[in-house]
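Scroll down for the structure; my scribbles are underneath it.
Each value in this text was obtained by applying a stated rule to the coordinates, not by laboratory testing. These numbers were taken from a predicted model, which means no experiment stands behind them. Reconstructed Cβ throughout: ideal geometry from the backbone, glycine too, with neighbour counts over all protein chains shown.
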Amino acid sequence: MTGLATDRLIKPHGGDLVDRRGERPPSLDSLECVTLTAREVSDLDLLACGALSPLQGFMGQVDYERVVEEMRLGSDLPWALPVCLAVERAPSGDEVALADERGRRLAVLEVQEVYEYDRAREAERCFGTTDDEHPGVARLLAQADHYVGGKVTVFERPEPEFPELAKDPAETRRTFAERGWRRVVGFQTRNPIHRAHEYLTKGALETVDGLLIHPLVGETKSDDVPAETRVECYRVLLEHYYPADRVVLSAFPAAMRYAGPREAIWHAICRKNYGCSHFIVGRDHAGVGSYYGTYDAQLIFDEFEPHELEIEPMFFEHAFFCRRCGQMATPKTCPHEAEAHVFLSGTKVRELLAEGQLPPEEFSRPEVAEVLIAAYRA
Ligand SMILES: [Zn+2]
């Protein structure tokens, strides 16, 4: 896919964009079938389109072991989280069909190996905890006993939840190239964007050519704000407050793992595949509960050599409106006391919205708050 125009963008992780889309094989109906969880279907879709380049399928044991222990693939390339397929028992044939929970066949996996794994060790290394209250750990502990590794060929992709926002890495790269962008910052989000996020995305955009707002729309915890409400918030925010020719809004079809620091690395590598040269890492990126320190997701980038990931993380502090400064600021840029800052807890914001009240304009854009109020009242 690499034309001259996209050559100016950052290269995919490992050098080439993987494409595991292919034809439905004639033998499909005779193959043993493995049913994937929603998270595994998300991973399969990311594999199909190259978002997980250089991975060509679910991980074999060498990659898995090194990723868990050293955050590297067998090839030494940095990689932060396992991308594995759990099965009850070894498949009988060399190939298996992969189906979603409705029984629709999506792909074929060439069975390269089947191996056992230690759930507690994976939880401790990747999530930093074995507490089954942690949603990522709970899912891991509930998985089947073996992993099956091998290349996938995907012939049926899940319908995107937001078709107009579905852009594969090849497409975002083409869009960036058409706009003449070379340096693009990616912003991962799974929450509505309030002024604080607007401030840091615009701060980042000041230093590069373009901004990719890339909300995660795969499976999240049930108490996160529903994807369709979030997407509507992004739309109204972009319409009213961002220059259209500097921003691309697209959905990132991954499922949340809630692995905090390791997921920040993983999210950055995925966005590199989408063509981002920079990636915003805020406080408690991909965290959940109080499992991770506020800045752990930023500090973990130090475990790699400078520029080894090639995509550059951009670290941001918590932002707020300061009445003394008369503008948005962070502890890095504002010397004033907390009393001067417009601060609302998440709980307070939810209370206001549920009562149909707009939060202060220094905290939320009214257009965004209106969308949230409507969603709370639905
Ligand atoms: Zn100030």
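Once you reduce segment 302-347 and segment 72-129 to the center of their Cα atoms, the two points are 37 Å from each other.
When you restrict to C-alpha pairs under 8 Å that are six or more residues apart and normalise by the size of the chain, the relative contact order lands at 18 percent. Counting only DSSP beta bridges with both residues in the chain, the antiparallel share comes to about 50 percent.
Both numbers refer to the Cα atoms of the chain; Rg and Dmax are 21.1, 71 Å.
Close Lys pairs in the chain (alpha-carbon distance under 24 Å; sequence gap of 8 or more, or different chains): 11. Remark: segment 85-158 is approximated by an ellipsoid whose semi-axes, taken from the C-alpha gyration tensor as √(5λ), come to 26, 15, 10 Å, largest first.
May I ask you to derive the relative contact order of segment 21-174, considering only C-alpha pairs under 8 Å and at least 6 residues apart, and to give it as an integer percent?
32 percent.
Each Lys and Arg Cβ is given +1 and each Asp and Glu Cβ -1; about its Cα centre, the chain then shows a dipole of about 1100 debye.
Over segment 39-198, what number does the Rg to Rh ratio reach, with both radii from the alpha-carbon atoms and Rh per Kirkwood?
Values: Rg = 17.5 Å, Rh = 17.7 Å.
Using only Cα positions, Rg/Rh for segment 39-198 is 0.99.
In plain terms, the C-alpha convex hull of segment 154-201 casts an average shadow of 5.1 nm² when viewed from every direction.
Shape summary of segment 281-321, radius of gyration then Dmax from alpha carbon positions: 11.5, 35 Å. Taking label positions 7 Å along the Cα-Cβ direction at both HIS336 and GLU308, the computed distance is 4.3 nm, reported to one decimal. The alpha carbon radius of gyration of segment 15-73, expressed as a multiple of 2.2 N^0.38 Å, is 1.31. Using C-alpha pairs under 8 Å with a sequence gap of at least 6, the mean separation divided by the residue count of segment 232-378 gives a relative contact order of 20 percent.
Using the alpha-carbon positions of segment 237-378, Rg (one decimal) and Dmax (whole number) come out as 17.4, 49 Å. Reported to the nearest whole Å, the Cα centre-to-centre distance from segment 37-58 to segment 232-262 is 20.
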